[in-house]
1. Any lysines with Cα under 18 Å of the Lys198 Cα? List them, leaving off those in the same chain fewer than 8 positions away.
2. On a full-extension model of 0.36 nm per residue, what is the gain between Asp188 and Ala170, subtracting their alpha-carbon distance, rounded to one decimal in nm?
3. Extending each Cα 7 Å along its Cβ direction at Glu50 and Glu111, get the distance between those two points in nm, one decimal.
4. Enumerate the calculated ³J(HN,Hα) couplings along the range 181-198 in order (Karplus 6.51 cos²θ - 1.76 cosθ + 1.60, θ = phi - 60°), each rounded to whole Hz, writing x wherever the residue is Gly or Pro.
5. Solvent-accessible area per residue for the range 42-191 at a 1.4 Å probe radius, Å²?
6. At 1.4 Å probe size, with no ligands or nucleic acids counted, give the accessible surface of Arg67 in Å², nearest ten.
7. Sort 84-93, 52-61, 168-177 for me by packing, meaning the mean count of neighbouring Cβ atoms within 10 Å per residue, highest on top.
8. Before anything else, pin down the relative contact order of the range 42-191: Cα pairs under 8 Å, at least 6 apart, normalised by residue count, whole percent.
Amino acid sequence: MSDIPVDRSKRTWLIASGCAGAVGGVATAVPFVSTFQPSERAKAAGAAVEVDISALKPGEKVTVEWRGKPVWIIKRTPEQLAELPKLDSQLADPKSLRKPSELTPEYARNEGRSIKPDVLVVVGICTHLGCSPVDKFTPGPQPSLPDNWEGGFLCPCHGSTFDLAGRVFANKPAPDNLEVPPHQYLSDTRLLIGDDKKA
């Protein structure tokens with residue numbers, strides 16, 4: 001056993017230096033590793049958005065953002081659903097046959113343009129020139145609307161009207177129905193907007 005005296009201050013200095021080096025290495029590595037994660041811009045460009053609709057009541061709408069666009073989620077009342085088939089003769093594309101690959105996924109090519117009859121999910125952008133229509137859920141005569149109005153949406157820019165399935169009325173500037181984005185249900189009350197591929 002050696003009787004050489006040990007300078008404890010040097011040992012403490014070496015331990016402290018080692019710890020500082022380790023912390024510095026981690027601090028350098030974290031930003032580098034984080035570059036592998038999608039940026040906020042990339043997420044906005046196409047990342048799916050999960051929405052809890054458990055608090056959504058019949059007749060209410062919630063808006064979320066997906067790919068920089070407003071997506072409307074509307075819980076329709078039984079009365080609103082009952083009116084949809086009666087409007088077919090007044091609509092430009094009642095069966096959503098125009099541009100189905102762009103505007104209406106296969107699972108939404110039905111009267112309500114939805115997976116679940118009472119819940120409508122559409123992109124809130126008019127197919128004419130990109131304005132955002134306003135809610136006109138109350139039936140009956142109103143300014144800029146027909147006397148037999150049953151509820152839906154009115155584009156304030158050029159007067160296009162859409163029913164509560166996002167279908168455009170005939171003889172309006174908008175050429176197509178509102179877009180139904182890809183979506184799926186993760187549970188009865190959780191929606192995933194932007195992804196319809198089952199895991």
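1. Hits, sequence-local ones excluded: Lys116.
2. On the way: separation 18, 0.36 × 18 = 6.48 nm, distance 3.44 nm.
Full-extension gain reported as 3.0 nm.
3. It is 3.4 nm.
4. x, x, 7, 7, 8, 8, 7, 4, 10, 10, 10, 10, 8, x, 8, 10, 8, 5
5. Numbers: 7080 Å² over 150 residues.
Here the residues of the range 42-191 average 47 Å² of exposed surface.
6. Estimated to the nearest 10 Å², Arg67 gives 130 Å².
7. Final packing ranking: 168-177, 84-93, 52-61.
8. Values: 291 pairs, mean separation 36.8, N = 150.
Across the range 42-191, relative contact order equals 25 percent.
The values are calculated or read from the model by the stated rules, or taken from the named source; none is laboratory data. Treat the numbers as computed from the prediction; the structure is a model and nothing was measured. Virtual Cβ from ideal backbone geometry, glycine too; neighbours counted across all protein chains shown. What goes into the accessible areas is simple: the full protein's heavy atoms, side chains included, and nothing from ligands, DNA or RNA. Shrake-Rupley method; radii C 1.70, N 1.55, O 1.52, S 1.80 Å.
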